[in-house]
Amino acid sequence: MASVIESAWAYLITNFNDFQLACLGSFFLHESVFFLSGLPFILLERAGWLSKYKIQTKNNSPAAQEKCITRLLLYHFCVNLPIMMASYPVFKLMGMRNTLPLPSWKVISTQVLFYFVLEDFIFYWGHRILHTKWLYKHVHSVHHEYATPFGLTSEYAHPAEILFLGFATIVGPAITGPHLITLWLWMVLRVLETVEAHCGYHFPWSLSNFLPLYGGSVHIFTLRKLLVHFSTSTICLKLLRLFPRADFHDYHHRLLYTKSGNYSSTFVYMDWLFGTDKGYRRLKVLKSDACEAERKEM
């Protein structure tokens with residue numbers, strides 16, 4: 001497998017120069033992964049397929065979906081692509097390379113994990129700032145035009161927000177100067193993660209069911225059974241607060257202005273630490289109590 005990847009990489013660096021790969025190649029990869037992963041959720045919503053996994057019953061109109069796609073193409077070509085081109089000298093200055101040999105999987109995985117943790121920390125504070133009165137009204141409200149999100153709305157935002165929160169995504173690679181293949185892997189994983197967070201569905205096979213603290217969810221029922229098996233202490237019950245249900249970010253879109261909370265991007269510990277998920281927790285408790293009462297009456 002490694003030899004196949006290296007052969008493919010050798011072909012790329014032989015036929016394309018550094019600038020073409022780092023800028024145009026990154027842009028093409030981003031657009032391909034983003035739209036191929038996001039468009040199926042529009043089709044699912046329009047056809048009504050797998051509706052039992054949909055978090056909200058409300059659907060977006062075809063006109064609203066088309067507006068999103070049109071604006072995204074405009075933003076991507078007029079904002080994202082110029083940013084990639086402008087940041088190229090910075091990445092080169094910090095040591096980014098695309099030559100062989102490729103970095104080891106240990107190096108790649110360590111750097112990508114670092115990017116996720118750093119991005120999540122910076123994104124949390126940047127996102128929280130965007131929910132202050134003036135910035136929400138003039139900037140972040142664009143992203144919240146879709147109270148019922150679908151995959152492509154993950155990057156639907158005001159150009160100023162793209163610049164502001166985009167810093168959280170590129171700062172990790174910018175300060176470490178990774179190999180281009182590491183940067184591409186980070187970009188692909190980040191796109192898939194944010195599309196899933198906005199997709200409006202929670203499937204049994206969602207990655208967030210199996211990775212603790214990822215994407216605002218974990219298989220909480222499995223975790224609760226394990227914790228109850230070993231202990232029913234208050235500590236264990238508090239630990240459960242680190243693992244919200246699948247509609248973590250969907251809840252953020254349902255509430256407007258500054259009261260929504262749930263500001264994290266990939267993980268959820270920041271919201272838990274600073275108490276910005278209390279409304280979401282309260283709603284989960286109320287729903288859980290209602291379901292329990294209904295079960296007892298049956």
ask   = Do you know which residues across the stretch 90-104 are in a helix (DSSP H, G or I) and exposed (fewer than 11 other Cβ atoms within 10 Å of the Cβ)?
value = L93
remark   = The one condition G166 fails out of (1) open to solvent by less than 10 Å² (accessible area, probe 1.4 Å); (2) closer than 21 Å to L24 by Cβ; (3) not hydrophobic (A, V, I, L, M, F, W, C) is (1)
ask   = Among the residues of the stretch 105-127 satisfying the criterion of being hydroxyl-bearing (S, T, Y) and free of Cβ contacts under 8 Å to residues at least 24 places away in the same chain, which is most open to solvent (accessible area, probe 1.4 Å)?
value = T110
message = Quick check on this structure: which one of A8, A22 is under 24 Å from the mean Cα position of the chain (by Cα), within 17 Å of T99 (Cβ to Cβ) and aliphatic (A, V, I, L, M)?
response = A22
note = For the stretch 14-32, the count of residues that are part of a helix (DSSP H, G or I) and open to solvent by 30 Å² or more (accessible area, probe 1.4 Å) equals 9
key: Options T132, T153; residue that is surrounded by fewer than 17 Cβ atoms within 10 Å (Cβ to Cβ) and not acidic (D, E)   = T132
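The values are calculated or read from the model by the stated rules, or taken from the named source; none is laboratory data. Treat the numbers as computed from the prediction; the structure is a model and nothing was measured. Methodologically, a virtual Cβ is constructed for each residue, glycine included, from the backbone with ideal geometry; neighbour enumeration extends over all protein chains shown. When the accessible area is computed, the model is the full protein with side chains, heavy atoms only, and any ligands, DNA or RNA have been set aside. Shrake-Rupley method; radii C 1.70, N 1.55, O 1.52, S 1.80 Å.
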